[in-house]
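The values are calculated or read from the model by the stated rules, or taken from the named source; none is laboratory data. Remember, it's a predicted structure, so these values are computed and weren't measured experimentally. No Cβ is skipped: glycine too gets one built from the backbone with ideal geometry, and neighbour counts run over all protein chains shown.
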């Protein structure tokens, strides 16, 4: 493994190398609150399980977690429901994007996995049904993981999501028609969108997920966030399904469990080593950050981190 | 890592532990040549990149490779075509089984990945088009990898497959209608079924794939079978797509790149360590060997081999 | 054409002949309000454009219109929107039942035709958006057609539908996500379910739709309910799509434009002659009344009414 | 009904009126033999069951029947197999075009109806299996109907179809994998393509199908070609499914059972009156002749022929 200061200088170099790609992507525009983010920004942070933190770029600029939030929600639901969760959501890759709805139909309301929208809505239903104040519980969980009381959900993003959430409403009602949503749909969607609207920066995000690289134990306070087995499982799911319809290509090129969000964040887990987070708002056609993908794949290659 | 003799005794113990599961599966019956195989057989072999070989059970009983053969064909086609291969086949997980055909339709004849049937048929087309005698070339390749001149294709299985190959013919003609099959379909299918009919035992199979655990280099003769990058890529594809519609669950439970076939074989790659093969003919509803799955998952757990 | 009294006696005879089929069907049970209807009831009514009315059985027992109400809503929306309606809904048969949702996805929120649920929800949106009190407007329209002020919507059925309407909510939100629903979804669904809950008997229903057999003119008051062209069009749509996934078979066996509902009603239009309605609550697997189908097909055969 | 000479003059007038539309369509180009046909040609013929024949334009120029041939094949298969045919092919409209293959998958190899390709391939299988020389039997049948010994199959078109028939081969092998094709696929496809390559002109085509407008009886020789019931059934199928994915719109606008082919022909049946055929090679996006559609819809409107 490289020396600490070497890592920082690698990160800075990769950042410079990746900036020409800013214009190859397009900022998410399905809600105004995201469309207004300036595209030419980027950051990378590497947190290691032995306590180091290396960053380059705008590593303390906050962004909207969006789908990256599904990882936190999943861990909470696994802790609450145990293996029963897997009766309500599968753990298989989802294949074609157009399947999101036909698949629910075919498999009678059971989503393919917990990190596609339908699956995360089931997870939200679990949280809404098991916590008296699930939005707060979610924030509390993240704050403890990040060791930071100031993480919050962006209200403008939240309200904007709610307003443009018809497609997710369709998924939720379809699942409810199959009996796979327990709470009222509007409440479930409110939790889901609130969770997506969580605002974090690269440093916080990298730190907060270290337990997934460390057999379930959060290094800064030695808390067992989830079982070792569940940490493996989350990584396994991220590895087959975390990068939308580019998950196979990401495994192919990078070889690490990862999750991305349309806010431009990507988080990659390196078991026994640490967590890499990258952020840059402009997305490719799959919804993954162009510069973020580049940063993580160059860094993983440079340090030989592929699991394969 | 455990001592060599410890490994052998673990394998024997696991075999005993798994035998009660024989009756939970069902031998593949879509062709008579496979349906006649006695169900109550099992074997496991572990080959390591430092030259050890441990086995338990019927490790020198030959079985039909079936879909496991796709791994060899893929490596050959990657070597021949280079990155151009990825214009003709994707590298994404395939999702629902019923999609095999609708997906080809939707994505204009480009299969989701090279280890589903449609993808392996494209790979076969590449081999037929680039070798004057592709069936021989395939056998020669495997024999060199296994360091064994006696590996052959079972003619009864081959002819039986040809006779019952209507569904694969449908896939091939559909891809040809999109211009993604170059050779004549009957010739492509002949190669494909011949490849599937290859007969090997657990020892041979484990040894022959060591290069995938060893950055592309076959240990016994130091031959660079494929580039390090391509070895990673094959492992990545197997990790998201190698176990049919149980690939996610296998990643979840075992956490290793693997490929199974309806002949009852499963091969799992442990990067930097070696290859595990297991065989037992009775299959679960996904087409994966019941006892084979059990053997590999217990062994991986015992030795802590999960990549995640 | 047979003599009037001959028709009545034919109807009575057919009713006797069809009663043994009561037990071949099953009353709709997706909402309690429908599940409680006694299965062993049946009625048939024939209204002619020259003012005759013939009935047999429980022709003044009211039932829930359910999907038959789509015909009235469609005529209202055609009158209001003119040809612009056909930018928001197609006029093609819908094929496989499982398509309802994948088709909306594939065709970007445009339903295949106005008599499947998705299409009728678009029609409801048109009515909600163009009438200040669309539920009342709908009842007023039907009452005028039936020349009967006592037709109403059954509140128990309406509330029951609302409560079990998750699948229709999924369709509505999906279409809204494509911009094909203008009003708020709950309001649109409220109209839709209210319309479905309309309660009528066979006599009223037959009389009220005579204008479709009479080039748009309602015989009892000579009102031009819709243009001659639109009357043809409604009949054309019913002829390809009115009987769920048995529309082709109905054309094959009966050869008349028709619409059925899961309340057990079927209405068939005989251009230039009149309207046949039949009702019996037990349904076949396609959702069509078993005895109703039998009554109408026997009557059409007896009188040689097939258009083909 | 108009006077005979009036009909001829109407046809001539409609032809003039429709010619500006030549350029709105595009000649079928999937096989060279069809792509070479000059686009600016058109003809219309009306044969009545009382023996009149009216034509305008190139009514004795021969064209390729293509899918119009499915009507003849269907009648032959109904005669041979009786109601057993309907265990092997349904009679429902097919919905979305992309379904052709996924539908076969979903419904286990049973095509939606006999006038889509999959259904016509099953019909071809019936003919191949029940006639020692099915191609000749087909030509003999048409020649007798048209009372013309000179009708033949165009060899250039036939060979061209065979060469470009991969998609139909895919359908055939898929159905064979479900056990719904009895003969060898290449033989079935040879019959199918030979049938499609039949060459006829508008006059011959109109005359040959008069039995469908006349309860199964061919007027010129009083032969009962099929039962009255089967004539109704064929008309019913054409009415819901004869015009590809524009069948609903055709019912809506014209209101007659009809079948079109990519050779540019359209035939419409007017029960108890006669048969209209139109031909012009340039097709709209659905595969229907632009000028042919216009000619038939104007004529049907002019004479008030809609069944609805």
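Structure values in brief
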| item | result |
| --- | --- |
| Leading residue by the ranking (farthest from residue D:263 (Cα to Cα)) among those in the range D:24-33 that are at pLDDT below 90 and part of a helix (DSSP H, G or I) | D:32 |
| Criterion violated by residue B:37 - all others in (1) under 29 Å from residue B:125 (Cα atoms); (2) surrounded by 15 or more Cβ atoms within 10 Å (Cβ to Cβ); (3) out of contact with any helix residue (DSSP H, G or I) (no Cβ under 9 Å at 6 or more places or on another chain) satisfied | (1) |
| Condition check for residue A:215: modelled with pLDDT under 95 and closer than 23 Å to residue B:271 by Cα | no |
| Residue list for the range D:208-239, filter: more than 14 Å from chain C (Cβ to nearest Cβ), assigned to a helix (DSSP H, G or I) and either out of contact with any strand residue (DSSP E or B) (no Cβ under 7 Å at 6 or more places or on another chain) or more than 15 Å from residue D:75 (Cβ to Cβ) (or both) | D:208 |
| Residue check, residue A:204 within 24 Å of residue A:302 (Cα to Cα), more than 9 Å from chain B (Cβ to nearest Cβ) and part of a loop (DSSP other than H, G, I, E, B) | no |
| Single unsatisfied condition, residue B:44 versus (1) more than 18 Å from residue B:234 (Cα to Cα); (2) at pLDDT below 95 | (2) |
| Helices (runs of 4 or more DSSP H) (entirely within the range C:122-200) containing at least 1 residues that are under 17 Å from the mean Cα position of the chain (by Cα) and modelled with pLDDT of 95 or more | C:134-146, C:155-163, C:185-196 |
| Among the candidates B:182, B:161, B:149, residue that is surrounded by fewer than 20 Cβ atoms within 10 Å (Cβ to Cβ) and within 14 Å of chain D (Cβ to nearest Cβ) | B:182 |
| Subset of the range A:15-52 (residues that are under 15 Å from residue A:303 (Cβ atoms) and touching a strand residue (DSSP E or B) at 6+ places or on another chain (Cβ under 7 Å)) | A:44, A:45, A:46, A:47, A:48, A:49 |
| Subset of the range A:207-228 (residues that are under 21 Å from residue A:120 (Cα atoms) and without any contact (Cβ under 8 Å) to a residue 12 or more places away in the chain) | A:227 |
| Pick from the range D:249-306, criterion touching a residue at least 40 places away in the same chain (Cβ under 8 Å), part of a loop (DSSP other than H, G, I, E, B) and out of contact with any strand residue (DSSP E or B) (no Cβ under 9 Å at 6 or more places or on another chain), ranking: farthest from the other protein chains (Cβ to nearest Cβ) | D:272 |
| Qualifying residues in the range D:133-143 (those that are within 18 Å of residue D:226 (Cα to Cα) and touching a residue at least 40 places away in the same chain (Cβ under 8 Å)) - the one surrounded by the most Cβ atoms within 10 Å (Cβ to Cβ) | D:142 |
| Residue in the range D:103-110 that is out of contact with any strand residue (DSSP E or B) (no Cβ under 6 Å at 6 or more places or on another chain) and more than 19 Å from residue D:173 (Cβ to Cβ) present | no |
| Unmet requirement for residue D:187, which otherwise passes all of (1) within 14 Å of chain B (Cβ to nearest Cβ); (2) surrounded by fewer than 21 Cβ atoms within 10 Å (Cβ to Cβ) | (1) |
| Pick from the range A:58-99, criterion away from every other protein chain (no Cβ under 14 Å) and free of Cβ contacts under 8 Å to residues at least 60 places away in the same chain, ranking: nearest to the chain's Cα centre (by Cα) | A:77 |
| Test: residue in the range A:100-117 that is surrounded by 19 or more Cβ atoms within 10 Å (Cβ to Cβ), at the interface with another protein chain (Cβ under 7 Å from one of its Cβ atoms), on the phi < 0 side of the Ramachandran plot and out of contact with any helix residue (DSSP H, G or I) (no Cβ under 7 Å at 6 or more places or on another chain) | yes |
| Lone unmet requirement of (1) farther than 29 Å from residue D:163 by Cβ; (2) crowded, with 17+ Cβ neighbours inside 10 Å for residue B:120 | (1) |
| Number of the condition not met by residue A:76 [criteria: (1) at pLDDT 95 or above; (2) over 27 Å from residue B:254 (Cβ atoms)] | (2) |
